[in-house]
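All remarks here apply to the structure that follows.
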Amino acid sequence: MAAASSPDSDSGLAESNEANSKWLDAHYDPMANIHTFSACLALADLHGDGEYKLVVGDLGPAGKHPRLKVLKGPTVLAENPLPALPAAAAAFLMEEQHETRTPALALASGPCVYIYKNLRPYFKFSLPPLSLNPLEQDLWNQAKEDRIDPLTLKEMLEGIREKAEVPLSVQSLRFLHLELSEMEAFVNQHKSKTIKRQGTENKEILVLDPEAFTILAKMNLPSVPVFLEVSGQFDVEFRLAAACRNGNIYILRRDSKHPKYCIELSSQPVGLVRVHKILVVGSTQDSLHGFTHKGKKLWTVQMPAAILTMNLLEQRSRGLQAVMAGLANGEVRIYRDKALLNIIRTPDAVTSLCFGRYGREDNTLIMTTRGGGLIIKILKRTAVFVESTGEVGPPPAQATKLNVPRKTRLYVDQTLREREAGTAMHRSFQTDLYLLRLRAARAYVQALESSLSPVSATAWEPLKLHAVVQGLGPTFKLTLHLQNTSTVRPVTGLLICFLYNEALYALPRAFFKVPLLVPGLSYPLETFVESLSNKGISDIIKVLVLREGQSAPLLSAYINMPVSEGLEAA
């Protein structure tokens, strides 16, 4: 493999050498001749042998000769021509009942979705046909009978495109973009073909069955969608976010044929990524925005250059999800929320990004550049992303002028009252503030002394605890979720103790040891609680997390047990 020459950068925004970088330069080929974008990249185990391949929907140079390419490492394993430009690629499972589940490949190209199994064509799904413009159909019939010349055909089609309510077909739109010397050959080639108009931009979203490829659901949007982000399961509950050409993002849920929420952007979106429960949107104003699924804006980060592409970075071993943004200045920035984690500098502007398992490496970053180059980097196993403090200086909002309203009569009266009774108002405010601080300090000291908080207050024992009670009674299942919130240090030597009323409840083990807690993982600890009372009453069970050799608990939690419905029924 050829070594890449692109410099790297750590989260402190200072350039680093290969020893201090978080990434290993696996491969760099500036002449790979791959022209694509992030939606047309997919990583999948196509043969079920544990060796993940890279699937590329290649647009071809200058948008000509599109092809489907499959890469194994840095070499092209298979290559198939495509009838139209690719729009997206995805791997999915067709037969869920089989033990050896080999994923299939779906590639959207033109008005069709092509399904491949074992890199061979398997099925072609065509979008439902739409009604044609009768004037357009009549013009092509005249061209078929040689009753109209190509120049007149172009003028008439341009007039129809400007005034008609029914859009033109793809064949007519391609004809209108040709030069005069190419029109006659195009007409002779296509005049014998039947004109079709299929719903590639019909403002609809279709949900297909992964086995029969039938339409399960159809959703309507006010505009043409350009980016989709889906979470959940179709049969249970799901959320679908669609960024459209009108500059809005629409949120759809299960059993809703129309959008439930709408996020209005101030500029056109250039990317859409879901990070946990936050929708991260890149805009043409060189900025990243974070929104909730209900449309509430959480934060905005300004970029130093235009955003060309975006994608998700998910490091499963550390539970990290972040967003990657490729910029026009040759940088790839990685953000968790609005905190900058890392910067990668490349020799050319990156136009597509893909992160995941490639070959047998779990954390591989694949990038293609504007000139058709291919860059492959591997994340070091020891790499830990640390949030950067960002750029020095005041925030941009500080320079924004406030829209101060005009003074009203009520404002003048309040100003006079504050001048006359200002001393008494200040003393009353200070008295209430001191009382509030005193009560908060007393409550905080009491919580620390009795370890009432479910989150550890010491940096040496970074723990978090929460409990879940399941069942109707008289036997309940009690699950404790104990998590080590440290980033690097494991925790050992912990004990768990239950304090309860023995006349009401019985536990098989009221005291047991906790295994070693690896950082970042939540450990479920299960036990059963037997309700002994038949009077329909309940009590509190106190859970203590202790350190061996120490009497004071590290954490505690009060569990309000439900009333045993089994005993009540009896």
**Request:** Run the accessible area of the chain with a 1.4 Å probe and give the carbon-and-sulfur part as a rounded percent.
**Result:** 53 percent
**Prompt:** Averaged per residue, what accessible surface does the chain expose to a 1.4 Å probe, in Å²?
**Reply:** 57 Å²
**Request:** Please report how far the C-alpha centroid of the range 333-364 lies from that of the range 407-425, rounded to the nearest whole angstrom.
**Result:** 57 Å
**Asked** Can you give me the relative contact order of the range 169-293 as a percent, contacts being Cα pairs under 8 Å and 6 or more apart?
**Response** 13 percent
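Give me the number: length gained by fully extending Ala185 to Ala424, i.e. 0.36 nm times residue separation minus the C-alpha to C-alpha distance, one decimal in nm.
Full-extension gain reported as 76.9 nm.
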**Fill in**
Which of Lys124/Lys203; Lys294/Lys542; Lys22/Lys53 exceed 32 Å between C-alpha atoms? The answer is Lys294/Lys542
**Extension gain from Arg147 to Arg253, taking 0.36 nm per residue of separation minus the Cα-Cα distance** = 33.0 nm
**Request:** Determine the relative contact order of the chain: mean sequence separation of Cα pairs under 8 Å and six or more apart, normalised by residue count, in whole percent.
**Result:** 10 percent
**Complete:** With label points set 7 Å from each Cα along the Cα-to-Cβ direction at Met156 and Ala447, the distance between them in nm comes to 7.8 nm
**Request:** Among the lysines, select those whose C-alpha is under 21 Å from the C-alpha of Lys401, and discard any that sit fewer than 8 residues away in the same chain.
**Result:** Lys297
**Asked** When only C-alpha pairs under 8 Å and at least 6 residues apart count, what is the relative contact order of the range 102-180, in percent?
**Response** 18 percent
**Request:** List the lysines whose Cα lies under 23 Å from the Cα of Lys535, skipping any in the same chain that are fewer than 8 positions away.
**Result:** Lys477
**Request:** Would you calculate, for the chain, the mean residue ellipticity at 222 nm contributed by helices, counting each DSSP H stretch of 4 or more residues as -39,500 (n - 2.57) and dividing by all residues, to the nearest 500?
**Result:** -5000 deg cm²/dmol
**Prompt:** By how many degrees, 0 to 90 and rounded to 10, does the Cα axis of helix 134-144 deviate from the longest principal axis of the chain?
**Reply:** 40 degrees
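When the chain is fully extended, how far beyond the present Cα-Cα distance does Asn118 get from Ile540, taking 0.36 nm per residue of separation?
Details: separation 422, 0.36 × 422 = 151.92 nm, distance 5.81 nm.
Once the chain is fully extended between Asn118 and Ile540, it gains 146.1 nm.
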**Prompt:** Relative to the first principal axis of the alpha-carbon coordinates of the chain, what is the inclination of helix 422-450, with its axis defined by its Cα atoms, in degrees from 0 to 90 and to the nearest 10?
**Reply:** 80 degrees
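The values are calculated or read from the model by the stated rules, or taken from the named source; none is laboratory data. Note that the structure is predicted; figures quoted are calculated from it, not measured. We place every Cβ from the backbone using ideal geometry, glycine too, and count neighbours over all the protein chains shown. For the accessible areas, the whole protein counts, side chains as well, though only heavy atoms, and no ligand, DNA or RNA atoms are used. Shrake-Rupley method; radii C 1.70, N 1.55, O 1.52, S 1.80 Å.
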